[in-house]
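The block underneath contains the structure these notes are about, expressed in structure tokens.
The values are calculated or read from the model by the stated rules, or taken from the named source; none is laboratory data. In this text, all values refer to a predicted model and were calculated from it rather than measured experimentally. Cβ: placed from backbone, ideal geometry, glycine included. Neighbour counts: every protein chain shown.
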Amino acid sequence: MGDLGWVAYPKNGWEEIGEVDEDYAPIHTYQVCRVMEQNQNNWLHTNWILTEGAQRVFIELKFTLRDCNSLPGGVGTCKETFNMYYYETDGGEEEMEDGGRAIKESRYTKIDTIAADESFTELDLGDRVMKLNTEVRDLGPLTRKGFYLAFQDLGACIALVSVRVFYKRCPLLVKSLAEFPDTIPGSEASQLVEVVGRCVNSSLALYEPPRMHCSAEGEWLVPIGKCVCQTGFEEVNGSCQVCKPGFYRSLLQSLACSKCPPHSVARQSGATSCTCEDGFYKMDSDPPNMACTRPPSAPRNAISNVNETSVFLEWSVPMETGGRKDVRYNILCRRVLPDERGLEECGPNVRFLPRRLGLSNTSVMVADLQSHTNYSLLIEAVNGVSELAKDFSRQYVSLNVTTNQAAPSPVSVVRKGHAGKSSIAVSWAEPDRPNGIILEYEIKYFEKEQDSSYTIIKSKETEMVVEGLKPSSVYIFQVRARTSAGYGAFSRRFEFQTSPDSSVTATSERAQASIVAVAVTLALVLLAVVAGFLLSGRRCGYSKAKQDPEEEKMHFHNGHIKYPGVRTYIDPLTYEDPNQAVHEFAQEIDVSFISIERIIGAGEFGEVCSGPLRLPGKRELPVAIKTLKAGYTEQQRRDFLWEASIMGQFDHPNIIHLEGVVTKSKPVMIITEYMENGSLDTFLKKNDGQFTVIQLVGMLRGIASGMRYLSDMGYVHRDLAARNILVNSNLVCKVSDFGLSRVLEDDPEAAYTTRGGKIPIRWTAPEAIAYRKFTSASDVWSYGIVMWEVMSYGERPYWEMSNQDVIKAVEESYRLPGPMDCPEALYHLMMDCWQRERSNRPKFDEIVCLLDKLIRNPSSLKKLVNSSHRVSNLLVEHASVEPANPTLAQSVGEWLDSIKMGRYTELFMEGGYSSLDTVAQMTSEDLRRVGVNLAGHQKKIITSIQEMRVHMININSTVNI
Ligand code: ACK
């Protein structure tokens, strides 16, 4: 109400006038009303207004304005608007020359022209109605300490009733234990000012400091991060309160204090962990909410089973596991010395299978003990806290055993002495473990590659001269020892050569040199073959007859050799609690180690994403993240995690690798290695015709190798198709999709069969469609289809034929034609995979071998499928439907063609079987030798050879007559 001291210029323009409003309340105004005079330019400026740091201010004006039309005497010079200006300065009054009496218009910036929404007339004055206008304008960005406002009148009748200048700010706020200070917004209307909060009340930032955003309207928006009470405290009504005795809080992530787990206590308040009761312990790696535990009691019901110099021990788990699941067993073996001289440790020669310490199973084999000897064997049970429980006495069960008599171990080395043209002197050392008195040795020998007839001689000494040999011939020698317990095993084979006959020693040195060269080459080739065999760990084909005794120990599984050391797949169904299966095979990953960066696709249960996995102490790894969408049922969660329980059991470069699962937080996730090129079918379609044949065969080889591993594990995939193969940036293909694919609910290709199952018809073997006979052999059929998909760059098998037509055509022995530019050898392999009789299909083992051969010998891929097999809209008739007529053939080539085995013609010629007469003498062994390795083909050729023999006998007898 006082004098504001605003400055008017000229003096007779704006005036400061005290008035009363409609209600006769006094008001203070600035007025001007020189409407009848020409050339008005009346300025009124405020005093210096400090910005207080605001970059954007608002000006609210309240004023009345006279309607020019209502003025008596016309409207000639009358105006109905006025202008508002501002001038920014750091200085204040002193900058206004003349004490502000004069106005320097040029330094003012116009804010706006202000017009009235409602102007008043004489009548309003008479009625005492005040037509008050309110206008708001904003100003910014302001950069100086303060500013002046000015109002310019050019001949209107105005009364300025109120000028309110203000700015907005986000007020001090405390939210989720974080304090955000009083904050001035930015200068732009849409700008947000980010403010980092301070954790209050002994709280700490969880993951990242809390942040909020101050809007131009002075509102706090978008909270990020939060503060949580420090450990030992919990949040109650917005403040941190100490945990009561008996309770603890160890993790910032947990919400409230928890009761101490069993066998632990927290005597003080504010505990961050609980301490174990006496006699109970905790490992550093045990989670804080796990009970304190103790060492196990002794194993129970131990029994021994002596077999010669081996003892098989078996026992039951201890009565008391100490509350832990990590019970392991150690074996202590001691020999009982004669004459009560005490006990002696067994020493390094005794073997323990699978090992001596840290056994997780309740059995062990102790081998290579001395014969007729007493042993004391202790089986000790330990668990994760046994080491901590120093005072705890060791818990073991003891067994006394006496070993039996045992045959001697094999003779390890046989040496060659002097070699004459018909004799060779050989000597050997006594076996490492004779296990008794050696009564005699047996020496077995035969001419190399004539092992069907051999000679055995006996000797009481460890050397002898073998007579009656052929000159310049290589002989194989093997020796074994005999004690009263019987014969030991034969030594391995040793090759020695007799010297040349003197009548032929006239051979030139060159010939000898070439023999040496050939021998060296042979030795190198042999070495390479042996090394290759040892490295690959398995051999191609079916040459079981040549297996060494070690190999005889191999187990047979599903009709093929199962290699020792390859584990067997365990169906998660065998677990009562599916969660236990998941955690048995999959590692739990903390969600904070995963960042989701991109969505890469849609899975059956939710999105599939990708991003880096940063496990502590490990290199960052790109991973694929399958998520389970919110709102799932318990059954869906189980089905989703099923895949992880299966995938987690596999460890092979051609099987998608499981990194782990997230089940402790939501969303539930399955984390696998990331495959940059996505699924094989889409990848091939995208890169049509871009790869060399060798690259394609390389991909197929990878898939076959992954499948060989699965079949060795006893796992049948049932949905092998290019869409379920993933490709990485190095073109390595990996078998994936172990979802509940046993029911194939998740495969859009799967169709219902008449028997109610859901099956991807185009990829499935006929017996699996007809009566759900899913085996590794039906996986081989699917593999053939995958080969076809790969060689045709992702073409749809059987194109647009209906499922019903596909079933019918396959049933009638029609098969897919060879894809365009497909090497004949590969098409033959596909056709073999599609043999109706499943035992005639190749095994994955053989497929890998064959593909390896083709890769090593790329010229074998040169010959492409006959053009008549490339008709894209017709299926071809399967080879096996045409009856063979070997008896009409004139040559080996013709004969092989007639039984659709023409592909072997070259091999037969190379092997020296160029006439039907020689072929008629061939045995299965000969077939293998020339390179016919597929069992189905061997059978077919042998049957035909037998027919040929019968036919030849008939002709011969006719001639004789
Ligand atoms: O063909 P794609 O790109 O490859 O689209 C599908 C999609 O997620 C839904 O399954 C992709 N995908 C699945 N697992 C992986 C993985 N481990 N690496 C990369 N992509 C994956 C698949």
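For the stretch 351-454, which fully contained strands (runs of 3 or more DSSP E) count at least 3 residues that are not hydrophobic (A, V, I, L, M, F, W, C)? Talk me through it step by step, then tell me what you get.
On the way: elements: 351-353, 363-367, 374-382, 396-402, 414-419, 424-428, 440-447.
In the stretch 351-454, 374-382, 396-402, 414-419, 440-447 are the strands (runs of 3 or more DSSP E) which contain 3 or more residues that are not hydrophobic (A, V, I, L, M, F, W, C).
State all residues of the stretch 574-596 that are in a loop (DSSP other than H, G, I, E, B), hydroxyl-bearing (S, T, Y) and farther than 30 Å from E208 by Cα; if no residue qualifies, say none.
Within the stretch 574-596, the first condition is being in a loop (DSSP other than H, G, I, E, B), and the residues that meet it are 575-577, 586-587, 589-590, 595-596.
Pick out the ones that are also hydroxyl-bearing (S, T, Y) and you get 575, 595.
Within the stretch 574-596, just Y575 meets the criteria.
State which residue is farthest from V591 (Cα to Cα) when the search covers only the stretch 662-681 and only residues that are within 14 Å of the ligand (Cβ to nearest atom) and in contact with a helix residue (DSSP H, G or I) (Cβ under 6 Å, 6 or more places away or on another chain). Steps first, answer last, please.
From the stretch 662-681, those within 14 Å of the ligand (Cβ to nearest atom) are 669-681; that's our starting set.
So of that shortlist, the ones also in contact with a helix residue (DSSP H, G or I) (Cβ under 6 Å, 6 or more places away or on another chain) come out as 670, 677, 679-681.
Working: I670: 11, N677: 25, S679: 26, L680: 29, D681: 32 Å.
Looking at residues that are within 14 Å of the ligand (Cβ to nearest atom) and in contact with a helix residue (DSSP H, G or I) (Cβ under 6 Å, 6 or more places away or on another chain), I get D681.
If the requirement is being modelled with pLDDT under 90 and among the aliphatic types (A, V, I, L, M), which of these qualifies: M801, M791?
Working: M791 fails: modelled with pLDDT under 90.
Going through M801, M791 in turn, the sole match is M801.
What pairs come out if I take residues in the stretch 188-206 that are under 15 Å from K175 (Cβ atoms) and pair them with residues that are among the aromatic types (F, W, Y) whose C-beta lies under 6 Å away, six or more apart or interchain?
V195/F180; G197/F180
Determine, yes or no, whether R355 is touching a residue at least 60 places away in the same chain (Cβ under 8 Å), of a type in the set (D, E, K, R) and more than 30 Å from S250 (Cβ to Cβ).
Working: touching a residue at least 60 places away in the same chain (Cβ under 8 Å): no; of a type in the set (D, E, K, R): yes; more than 30 Å from S250 (Cβ to Cβ): yes.
For R355, the condition - touching a residue at least 60 places away in the same chain (Cβ under 8 Å), of a type in the set (D, E, K, R) and more than 30 Å from S250 (Cβ to Cβ) - is not met.
State whether one or more residues within the stretch 810-824 are assigned to a helix (DSSP H, G or I), over 35 Å from the mean Cα position of the chain (by Cα), at pLDDT 90 or above and hydrophobic (A, V, I, L, M, F, W, C).
yes
Against the definition (in contact (Cβ under 8 Å) with a residue 40 or more places away in the chain and either more than 16 Å from the ligand (Cβ to nearest atom) or among the polar types (S, T, N, Q) (or both)), how does L684 come out, yes or no?
Values: in contact (Cβ under 8 Å) with a residue 40 or more places away in the chain: yes; either more than 16 Å from the ligand (Cβ to nearest atom) or among the polar types (S, T, N, Q) (or both): no.
Answer is no for this residue.
Would you pick out the residues in the stretch 610-648 that are of a type in the set (S, T, N, Q), closer than 17 Å to K664 by Cβ and near the ligand (Cβ under 10 Å from one of its atoms)? Don't jump to the end; show me each part of the working.
Just the residues of the stretch 610-648 that are of a type in the set (S, T, N, Q), to begin with: 610, 627, 633, 635-636, 645.
Cutting the leftovers down to closer than 17 Å to K664 by Cβ gives us 627, 645.
Listed by number, the list is empty, since nothing qualifies.
So A750 fits all but one of (1) under 17 Å from the mean Cα position of the chain (by Cα); (2) at pLDDT below 90; what number is the exception?
(1)
How many residues are out of contact with any Asp or Glu (no Cβ under 7 Å at 6 or more places or on another chain), within 21 Å of S360 (Cα to Cα) and either aliphatic (A, V, I, L, M) or surrounded by 18 or more Cβ atoms within 10 Å (Cβ to Cβ) (or both) when one looks only at the stretch 384-409?
6
Mind checking which pairs have a first residue in the stretch 722-736 that is outside any loop (DSSP other than H, G, I, E, B) and a second that is acidic (D, E) and within 11 Å of the ligand (Cβ to nearest atom), Cβ under 6 Å, 6 or more apart or different chains?
A722/D681; R723/D681; N724/D737
Among the residues of the stretch 172-216, which ones are among the hydrophobic types (A, V, I, L, M, F, W, C), farther than 19 Å from E52 by Cα and part of a loop (DSSP other than H, G, I, E, B)?
Correct list: L177, V200.
For a quick check of your reading of the model, give me the residue pairs whose first member lies in the stretch 589-602 and is in contact (Cβ under 8 Å) with a residue 12 or more places away in the chain and under 13 Å from I670 (Cα atoms), whose second is more than 13 Å from the ligand (Cβ to nearest atom) and among the aliphatic types (A, V, I, L, M), with beta-carbon atoms closer than 6 Å and at least 6 apart or on different chains.
Listed by first residue and then by second, the contacts come to I589/V662; V591/V662.
Just wondering, is there one or more residues in the stretch 596-609 that are under 17 Å from the mean Cα position of the chain (by Cα), away from the ligand (no atom under 16 Å from the Cβ) and closer than 22 Å to Q649 by Cα?
No, the conditions are met nowhere in the stretch 596-609.
Check whether at least one residue in the stretch 665-673 is modelled with pLDDT of 90 or more, surrounded by 21 or more Cβ atoms within 10 Å (Cβ to Cβ) and within 30 Å of V848 (Cα to Cα), and report yes or no. Explain how you work it out, then say what you get.
We begin by selecting, within the stretch 665-673, every residue modelled with pLDDT of 90 or more; these are 668-673.
Going one step further and asking which of them are surrounded by 21 or more Cβ atoms within 10 Å (Cβ to Cβ), we end up with 668-672.
So of that shortlist, the ones also within 30 Å of V848 (Cα to Cα) come out as 671-672.
The answer is yes, given that some residue of the stretch 665-673 is modelled with pLDDT of 90 or more, surrounded by 21 or more Cβ atoms within 10 Å (Cβ to Cβ) and within 30 Å of V848 (Cα to Cα).
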